[in-house]
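The next block holds one structure in the form of C-alpha cells; read it before the comments.
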Amino acid sequence: MPNDDRILEQLSPQPMLMVLSGPSGVGKDAVLSRIRELGYSQHIVVTATTRTMRPTEKDGVDYIFLDQGAFDKKVADNEFLEWAEVYGNCYGVPKDQVREAISSGQDVIIKADVQGAATIKKLNPYGVFVFLAPPSVQDLEKRLRVRKTEAQIDLERRLEPARDELQQLPLFDYVVVNANGALDDAVAALKSIIQAER
C-alpha cells in the first residue's frame, strides 16, 4: 500500500536509488545475493515479510521475518516506505534502512514488486528502475516448478499476474533478462547500469 512519506523527495540523483522489480520467481533474490557476495558498495535494503522462512534463508539477511502482529505494528507506526500484501503474505520496505544509507551517501537498492516500484517512483522520480525479466513466461513457470517452494495453487497464483507485470515495462528505465545459468550476466548488466547512471 502506498505510504505518502517525504523521505525520498529530497533525493537528487546522488546518492543513487535503484529499484529492482520483476515477477515472482524471476531471480531477484539470487541477483541481490550475488551482488552481496561480490562486495558491491550499494546498500541492499532487507525487506520485511510475514511469509515463512525457507530452509536456505537467514533472518535479517534475506528478509526480516515478522509475525503478522509485529508487521501490523510497523505499519501502524509508519515504519515502511511502502508495503503490500502479495500472495497472502505482507512485504514492506523499512524506511530506516533507506534513510541511514542515503544520509551516509551510500547508493541504495530496493527490491519491490511492480506495484511497489510504481509507488516508489511517485516518491522519487530520480530513482533508477530496473525490471528483471525471464526469457519467457514458460521459462518462469519452469523455474517456479523446479523451486518447489509453492503449492500448485500458489504456483498458478504467481504465474497469472506475471503476464500483467510484463505489460508494465514502460514504468522502468531498464530491462535485464535473467536467463537460466546466466546469473553473473544479469549482475554484470546491473553493474553496467549503475556505472552508466553515475
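The values are calculated or read from the model by the stated rules, or taken from the named source; none is laboratory data. Everything quoted here is computed from the prediction, not taken from an experiment. Note that we place each Cβ from the backbone using ideal geometry, even for glycine, and neighbour counts take in every protein chain shown. Please note that ligands, DNA and RNA were not included when accessible areas were found on the heavy atoms of the full protein model with its side chains. Shrake-Rupley method; radii C 1.70, N 1.55, O 1.52, S 1.80 Å.
Can you confirm whether the stretch 129-137 contains a residue that is farther than 17 Å from Ala186 by Cβ and either more than 18 Å from the chain's Cα centre (by Cα) or not in a strand (DSSP E or B) (or both)? Before you say what the answer is, go through the steps one by one.
Just the residues of the stretch 129-137 that are farther than 17 Å from Ala186 by Cβ, to begin with: 137.
From what's left, either more than 18 Å from the chain's Cα centre (by Cα) or not in a strand (DSSP E or B) (or both): 137.
Checked against the condition, which is being farther than 17 Å from Ala186 by Cβ and either more than 18 Å from the chain's Cα centre (by Cα) or not in a strand (DSSP E or B) (or both), the stretch 129-137 yields at least one hit.
Please count how many residues of the stretch 53-81 are among the acidic types (Asp, Glu), at pLDDT 95 or above and surrounded by 11 or more Cβ atoms within 10 Å (Cβ to Cβ).
3
Quick one: which residue in Gln115, Gln68, Gln138 is in contact with a Ser or Thr (Cβ under 6 Å, 6 or more places away or on another chain), polar (S, T, N, Q) and free of Cβ contacts under 8 Å to residues at least 40 places away in the same chain?
Gln68
Could we say that Ser21 is modelled with pLDDT under 95 and either open to solvent by less than 60 Å² (accessible area, probe 1.4 Å) or over 13 Å from the mean Cα position of the chain (by Cα) (or both) here?
no
Taking the stretch 97-117, which residues are assigned to a helix (DSSP H, G or I) and touching a helix residue (DSSP H, G or I) at 6+ places or on another chain (Cβ under 6 Å)?
Once the filter is applied, which keeps residues that are assigned to a helix (DSSP H, G or I) and touching a helix residue (DSSP H, G or I) at 6+ places or on another chain (Cβ under 6 Å), the stretch 97-117 yields only Val114.
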